[in-house]
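Have a look at the structure below, then the notes.
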Amino acid sequence: MDRRRFVTATTVGLGLAALRPAIAASGKESAARGQSRVIIDTDPGVDDAFALLLAMCSSQLHIEAITAVAGNVPLELTLPNALRMVEIAGRTDIPVAAGARAPLLRRLVTAAYAHGENGLGGAVFAEPKRTPVAESAADLIQKIVRKYPGEITLITLGPQTNIATALNADPGLAPLVRSVVMMGGSLSGGNITPAAEFNVYVDPEAARIVFQSGIPITMVGLDVTRKTTLTDQHVATLAAHDNPVSQAAALIGRNSLAHHRAQGLPSGPNMHDSVAVAAFLDPAIVTTEPFYVDVETGGELTAGETLGYRVPHAPPQPPVRGSAPLLGSLKSSPILRERPEPNAHVALDLDAAAFFELLIGRLSAGA
């Protein structure tokens with residue numbers, strides 16, 4: 001399929017959220033087990049590796065699949081890194097699929113400067129013995145969501161390319177997705193540009209498709225993840241426990257701290273992606289507010305910026321406006337949305353102590 005079709009294809013509107021109560025009843029089998037069915041879409045990545053290990057150490061989750069995407073490093077590295085984490089956790093029952101090698105319309109920009117050339121801060125592990133499933137990430141996402149309508153939460157830890165690809169290939173998919181918990185975006189400035197958070201910056205067109213899909217979204221962005229700096233004490237605690245997960249996390253953390261110091265950075269890495277997983281495991285860790293969130297895709301300096309429109313409890317609510325028209329134009333300022341309705345719950349505060357207690361505690365205990 002032509003990559004440009006992914007941006008122009010019509011996605012399911014917000015009104016389809018009204019159908020969710022009817023399909024939610026199909027979740028009885030999952031609810032009876034006391035587990036939540038999830039697919040984790042990821043671009044490991046130091047913090048992705050921690051997040052994957054946290055998820056696989058959490059009995060509340062039934063992980064239906066892990067899907068890899070290019071982002072922090074190219075797919076040639078994110079895919080084997082995901083396979084390595086599955087093997088380390090002893091969770092070879094989880095299928096791993098290869099996803100997009102590049103954003104929908106843009107050239108890939110990576111973050112090797114933060115994650116090291118191999119994505120794991122320079123920590124070296126054996127080549128994975130597992131191989132990915134034959135299906136693409138987008139195809140596997142569609143297959144699983146349709147198998148368990150109303151049950152699947154997508155926990156997205158990288159650019160949204162795989163999710164947007166699945167949504168646009170299957171226009172009836174969005175109302176079947178239970179929710180998206182997204183590490184991405186920011187209402188308080190970016191980390192790769194002053195405007196944009198990295199995951200949304202890499203593929204803003206894909207992020208916009210997801211935000212406009214009608215799927216209930218929890219946006220866990222830099223507003224809270226900046227408060228989660230990994231320290232030497234965290235690594236020492238992990239290293240003190242003798243199990244594969246804890247030892248692997250300690251090795252990755254130790255190397256990432258060394259990489260940050262070699263780059264002259266004043267502190268260790270933030271555990272961005274682990275916050276998204278933790279927020280799903282224990283929603284009390286974050287405080288959220290409803291917003292209408294949209295993504296800037298056209299700005300030369302602001303592409304990837306997530307703009308949050310706080311929706312007041314009482315009207316009147318001003319419309320969402322486009323930019324002022326240029327001189328000589330006969331057009332007026334476009335009204336992009338007459339009345340914005342919330343499409344995301346945005347995390348604005350975090351209990352950092354509770355987060356690290358959950359993260360370090362579960363990794364120390366192992367899978």
Does Leu173 satisfy the condition of being more than 17 Å from Ala347 (Cα to Cα), crowded, with 24+ Cβ neighbours inside 10 Å, more than 14 Å from the chain's Cα centre (by Cα) and not β-branched (Val, Ile, Thr)?
-> no
Out of curiosity, is Asn162 touching an Asp or Glu at 6+ places or on another chain (Cβ under 8 Å) and over 22 Å from Thr288 (Cβ atoms)?
-> yes
Tell me, which helices (runs of 4 or more DSSP H) lie completely within the stretch 36-139 with 3 or more residues that are touching a residue at least 24 places away in the same chain (Cβ under 8 Å) and crowded, with 19+ Cβ neighbours inside 10 Å?
-> 46-56, 75-88
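Evaluate the following for Asn199: is it crowded, with 23+ Cβ neighbours inside 10 Å and polar (S, T, N, Q)?
Numbers: crowded, with 23+ Cβ neighbours inside 10 Å: yes; polar (S, T, N, Q): yes.
Yes: the conditions hold for Asn199.
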Got a sec? Which of Asn118, Asn72, Asn81 is of a type outside the set (Val, Ile, Thr) and in contact with an Asp or Glu (Cβ under 6 Å, 6 or more places away or on another chain)?
-> Asn72
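Per-residue answers, yes or no, for (1) under 23 Å from Leu257 (Cβ atoms); (2) small (Gly, Ala, Ser); (3) in contact with a helix residue (DSSP H, G or I) (Cβ under 9 Å, 6 or more places away or on another chain):
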site	(1), (2), (3)
Ile63	no, no, yes
Leu79	no, no, no
Leu83	no, no, no
Ala89	yes, yes, yes
Ala100	no, yes, yes
Gly122	yes, yes, yes
Lys129	no, no, yes
Matching entry among Thr287, Thr302 (being closer than 25 Å to Glu205 by Cβ, touching an Asp or Glu at 6+ places or on another chain (Cβ under 6 Å) and not hydrophobic (A, V, I, L, M, F, W, C)) | Thr302
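Could we say that Pro266 is more than 23 Å from the chain's Cα centre (by Cα), surrounded by 11 or more Cβ atoms within 10 Å (Cβ to Cβ), farther than 30 Å from Arg107 by Cβ and not hydrophobic (A, V, I, L, M, F, W, C) here?
no
Among the listed residues Ala284, Ala314, Ala279, identify the single one that is at pLDDT 95 or above and loosely packed, with under 14 Cβ neighbours inside 10 Å.
When all the criteria are applied, what remains is Ala284.
The values are calculated or read from the model by the stated rules, or taken from the named source; none is laboratory data. Treat the numbers as computed from the prediction; the structure is a model and nothing was measured. Cβ atoms come from the backbone with ideal geometry, glycine included; neighbour counts cover every protein chain shown.
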